[in-house]
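Structure first, commentary second.
The values are calculated or read from the model by the stated rules, or taken from the named source; none is laboratory data. All figures in this text were calculated on a predicted structure; none of them were measured in a lab. Heads up, the Cβs are rebuilt from the backbone with ideal geometry, glycines too, and the neighbour counts pull from every protein chain shown. We work out accessible area using only protein heavy atoms, side chains counted, and drop any ligands, DNA or RNA first. Shrake-Rupley method; radii C 1.70, N 1.55, O 1.52, S 1.80 Å.
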Amino acid sequence: MYYVIRDSEKLPPSIIHEDNYFAWYNPMKKDHRIEFRGTMNQCYSFMRRDQKQLSL
């Protein structure tokens, strides 16, 4: 399982593996936002779709 994480509105989202997510982030804190969960390919598709919407 991979996550698309957004730390800040000014920075682009990151794709991170589930194991690394729990090592680096505290799910109870509100200092980040999970935008999508899925496989690596699904996460890349989500980010590509998100970028297309921003450029319109």
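For the subset of the range 28-37 comprising residues that are open to solvent by 60 Å² or more (accessible area, probe 1.4 Å) and closer than 17 Å to residue 50 by Cα, which member is modelled with the highest pLDDT? Can you show your working first?
Applying the first criterion (open to solvent by 60 Å² or more (accessible area, probe 1.4 Å)) to the range 28-37 yields 28-31, 33, 37.
Okay, now just the ones that are also closer than 17 Å to residue 50 by Cα, so 33, 37.
Values: 33: 94, 37: 97.
So the residue we want is 37.
If you check 2, 25, which single one turns out to be modelled with pLDDT of 95 or more, in contact with an Asp or Glu (Cβ under 9 Å, 6 or more places away or on another chain) and surrounded by 12 or more Cβ atoms within 10 Å (Cβ to Cβ)?
Details: 25 fails: modelled with pLDDT of 95 or more.
One residue alone meets the criteria, 2.
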* To do: Assess whether residue 44 counts as being out of contact with any Lys or Arg (no Cβ under 9 Å at 6 or more places or on another chain), open to solvent by 50 Å² or more (accessible area, probe 1.4 Å) and not polar (S, T, N, Q).
  => yes
